[in-house]
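Structure first, then comments.
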Amino acid sequence: LDRIPCANNGVKSSPPCLKDGTKACSSCTLVLYCSKECQLGHWKVHKKDCKDEVASTAWKPQWVRQSRKPTFLEGGDDSSVPLLMARYRWGNVPAYDVLNLPLNECDEVGDLALAFVASGDLRNIVRTLNELPTDHSGKITILVNDGEPYVLLRNILLLLILGKVPDKQKAADVALHFWYSALLPSDYGKFLRNLCEELLLSTVANGGSVALPLSATSSLRGYLSRECLGLLARMMRSQYTAKDVLKEVKRVRFPPGRVDRRDRYIWLLEPSHRLSSLRFRRSGVLLPFGASSFDFNYPNRFLFSPEGQWLMGDTANPLDSWNLSAVVDEGKARGATRADLYGCLHFHVSRQLREFATRLSRFRVDVKVFVADARNLAQDLRAGKLAKHGLPASITFDRIDVSNILDREYVGLEQVCRDWSRMLKNTPHATLLGYFMNWITHAEDGPSNAELMRTFVPRLIAEGRKIMCYTPFFKALHDNSSGSRAYLVGQGLASVLRSERLQLQSMHTIVPPRFGARISDSVSALPVFQTNDDWYLGVRCAG
């Protein structure tokens, strides 16, 4: 899709309309039609959504309607729904550009080396490459590592899709649904199976070494362990069906014992966004609300285990991976309405992937892929064991993104800096960046959630702003910079800086001190929400 389609997808014997949608339903504004005739012809189908009680401004959660306490306050949430681990297949922090050249190297940049040592998905790599000047001529070396085989295999296949498919619009669409949809069109599924077979056979023949072209100018090299290759083979042999997928999605996303938790989330949303969210959660397909998913009948085997179990938690949401204001702007540019958040996301991600695919064919990009513990990878790199894959022991990087392995539950600040800081280039702008996702749980001081509620709820009511009754909204309003500084002191930051000859940046130049703030803001600055709409869309990112 390049524009929002007419929502009249065909009713029984009527053929689907192939025109763009230009006239929104005046009630829900989620779907668009090319004409009054198409709207009338589709009303019997659309009526079920448009008149759904959840789309009413009067809708209330089940616990309110039944005049009882919600189960999440009573400790009664159903925890019996078995999950294979709530792994992060999708990012939980909006994508960012790790270079941000205008505030750092500016135009004085040639060859670049970037390391994503706990990469998660590809969103930050996509965003970074897309923000480079269009005339960049230097070589770009990108190290992509993740200790989770599922994550690394998905990243490799996404790169192969975006690099090898000649039609970049088609490549972006295949990649988008492989990334975010539980079901795929059958031709996409068959293409992916062939791609997996090519990857498996070539890598096994090379003793685990990956050596594949992405384009005439870009390449993919690295190493996959036996475990990783065995997993790929098992995924290819899996036999579960599209019907099994929908049953599993329903089991995980709509367990009866978690109705109150689900209602708490959608209660915070505008009525049309509730419908949009529930449609995505039920169908598992990332499309505009009015687009047909009839042809999506092939399981996306890389969002499930080989046995067909969903590999994420029930709250996993691709909207968390991207800046919502940019998502809505792109959707509007493609004819979507603000009401159709997931339709807007479809167009935003599609454009990002199309641009990334184009740049893979234009730039000189050398991607190195590994599935290893970040500590072991650093040791192997320093020992020269990765030289045969194009990463000599002498390599240094312009940016090293360590994600949240800075958290003490993972590798920790001191060990991460010891492992990776001396692989930074000796330039003024070379940076090791990461974030502490869990620091707040270890903070010794600071107000409780109840105290924050008493402080901020009256203010929000007076300002006429929607009260987000979950903790991220506190983080958008409460300056916790003194607590974070105290936490860093407690993690031995000063001695780490001295021993590793590092300097803490006095001003942020790559990402803002907190999401929702401006990069130029001080560490203690809070996000600024000029309008209620800024607040509504921005508070998710600010958390």
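The values are calculated or read from the model by the stated rules, or taken from the named source; none is laboratory data. Remember, it's a predicted structure, so these values are computed and weren't measured experimentally. Counting neighbours? That spans all protein chains shown, and the Cβs are built from the backbone with ideal geometry, glycine included. Protein only, heavy atoms only, side chains kept; ligands, DNA and RNA dropped before computing areas. Shrake-Rupley method; radii C 1.70, N 1.55, O 1.52, S 1.80 Å.
Conditions tested, residue by residue: (1) under 30 Å from the mean Cα position of the chain (by Cα); (2) surrounded by 13 or more Cβ atoms within 10 Å (Cβ to Cβ); (3) at pLDDT below 80; (4) not in a helix (DSSP H, G or I).
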{"residue": "Val416", "(1), (2), (3), (4)": "yes, yes, no, no"}
{"residue": "Leu432", "(1), (2), (3), (4)": "yes, yes, no, yes"}
{"residue": "Pro458", "(1), (2), (3), (4)": "no, no, no, no"}
{"residue": "Met468", "(1), (2), (3), (4)": "yes, yes, yes, yes"}
{"residue": "Lys475", "(1), (2), (3), (4)": "yes, yes, yes, no"}
{"residue": "Leu488", "(1), (2), (3), (4)": "yes, yes, no, no"}
{"residue": "Ala494", "(1), (2), (3), (4)": "no, no, no, no"}
{"residue": "Leu497", "(1), (2), (3), (4)": "no, yes, no, no"}
Are there strands (runs of 3 or more DSSP E) fully within the stretch 177-226 with at least 1 residues that are surrounded by fewer than 17 Cβ atoms within 10 Å (Cβ to Cβ) and touching a Gly at 6+ places or on another chain (Cβ under 9 Å)? List them.
209-213
Against the condition under 25 Å from Gly516 (Cα atoms), open to solvent by 60 Å² or more (accessible area, probe 1.4 Å) and at pLDDT 90 or above, how does Pro94 come out, does it pass?
no
For the stretch 102-133, what are the residues that are aliphatic (A, V, I, L, M) and surrounded by fewer than 15 Cβ atoms within 10 Å (Cβ to Cβ)?
Leu103
Residue count, the stretch 418-430 (criterion: open to solvent by 20 Å² or more (accessible area, probe 1.4 Å) and either in a helix (DSSP H, G or I) or within 13 Å of Gln379 (Cα to Cα) (or both)):
2
Kindly provide the set of residues from the stretch 512-528 that are assigned to a loop (DSSP other than H, G, I, E, B), open to solvent by 30 Å² or more (accessible area, probe 1.4 Å) and among the hydrophobic types (A, V, I, L, M, F, W, C), ordered by number.
Ile519, Val523, Leu526, Val528
Suppose we keep only residues that are touching a residue at least 12 places away in the same chain (Cβ under 8 Å) and part of a loop (DSSP other than H, G, I, E, B) within the stretch 358-388. Which one would you say is surrounded by the fewest Cβ atoms within 10 Å (Cβ to Cβ)?
Asp373
Quick one: which of Ser293, Ser272, Ser225 is among the polar types (S, T, N, Q) and closer than 17 Å to Gly189 by Cβ?
Ser293
Here are some residues: Lys170, Lys164. Which one is without any contact (Cβ under 8 Å) to a residue 24 or more places away in the chain and of a type in the set (Lys, Arg)?
Lys170
Inside the stretch 7-58, can you point out the residues that are farther than 12 Å from Ser272 by Cα and either of a type in the set (Gly, Ala, Ser) or touching an Asp or Glu at 6+ places or on another chain (Cβ under 7 Å) (or both)?
Ala7, Gly10, Ser13, Ser14, Gly21, Ala24, Cys34, Ser35, Gly41, Ala58
Is it true that Arg454 is at pLDDT 85 or above and of a type outside the set (Ser, Thr, Tyr)?
no
Residues of the stretch 394-403 satisfying the condition of being basic (Lys, Arg) and either closer than 16 Å to Asp146 by Cα or open to solvent by 50 Å² or more (accessible area, probe 1.4 Å) (or both):
none
Of the residues Leu112, Leu152, Leu159, Leu129, only one is of a type in the set (A, V, I, L, M) and farther than 16 Å from Arg359 by Cβ; which?
Leu152
Please pick out the residue among Asn206, Asn155, Asn145 that is closer than 23 Å to Asn376 by Cβ and over 24 Å from the mean Cα position of the chain (by Cα).
Asn206
For the stretch 231-241, indicate whether the set of residues that are in a helix (DSSP H, G or I) and open to solvent by less than 10 Å² (accessible area, probe 1.4 Å) is non-empty.
yes
Which listed residue, of Asp78, Asp49, is at pLDDT 90 or above and touching a Lys or Arg at 6+ places or on another chain (Cβ under 8 Å):
Asp49
The one condition in (1) open to solvent by 10 Å² or more (accessible area, probe 1.4 Å); (2) under 30 Å from Val252 (Cα atoms) that Glu355 fails to fulfil:
(2)
With the first residue restricted to the stretch 236-251 and required to be closer than 16 Å to Phe296 by Cα and among the small types (Gly, Ala, Ser), and the second required to be at pLDDT 95 or above and surrounded by 12 or more Cβ atoms within 10 Å (Cβ to Cβ), Cβ contacts under 7 Å at 6 or more apart or on different chains are Ala242/Leu183; Ala242/Asn297; Ala242/Tyr298; Ala242/Pro299
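To keep it simple, each residue is scored yes or no on (1) touching a helix residue (DSSP H, G or I) at 6+ places or on another chain (Cβ under 8 Å); (2) of a type outside the set (Ser, Thr, Tyr); (3) modelled with pLDDT under 95.
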position	(1), (2), (3)
Tyr188	yes, no, no
Arg193	yes, yes, no
Cys196	yes, yes, no
Leu214	yes, yes, no
Tyr223	yes, no, no
Ala233	yes, yes, no
Thr241	no, no, no
Among Arg258, Arg264, which is the only one that is modelled with pLDDT under 95 and either outside any helix (DSSP H, G or I) or in contact with a Pro (Cβ under 7 Å, 6 or more places away or on another chain) (or both)?
Arg264
Among the candidates Leu391, Leu406, single out the residue that is crowded, with 19+ Cβ neighbours inside 10 Å, in a loop (DSSP other than H, G, I, E, B) and more than 27 Å from the chain's Cα centre (by Cα).
Leu391
Failed condition for Leu537, given (1) part of a helix (DSSP H, G or I); (2) more than 29 Å from the chain's Cα centre (by Cα)
(2)
I'd like the full set of residues that are open to solvent by 20 Å² or more (accessible area, probe 1.4 Å), within 30 Å of Pro512 (Cα to Cα) and either modelled with pLDDT of 95 or more or not in a loop (DSSP other than H, G, I, E, B) (or both), limited to the stretch 284-331.
Asp320, Ser325, Ala326, Asp329, Glu330
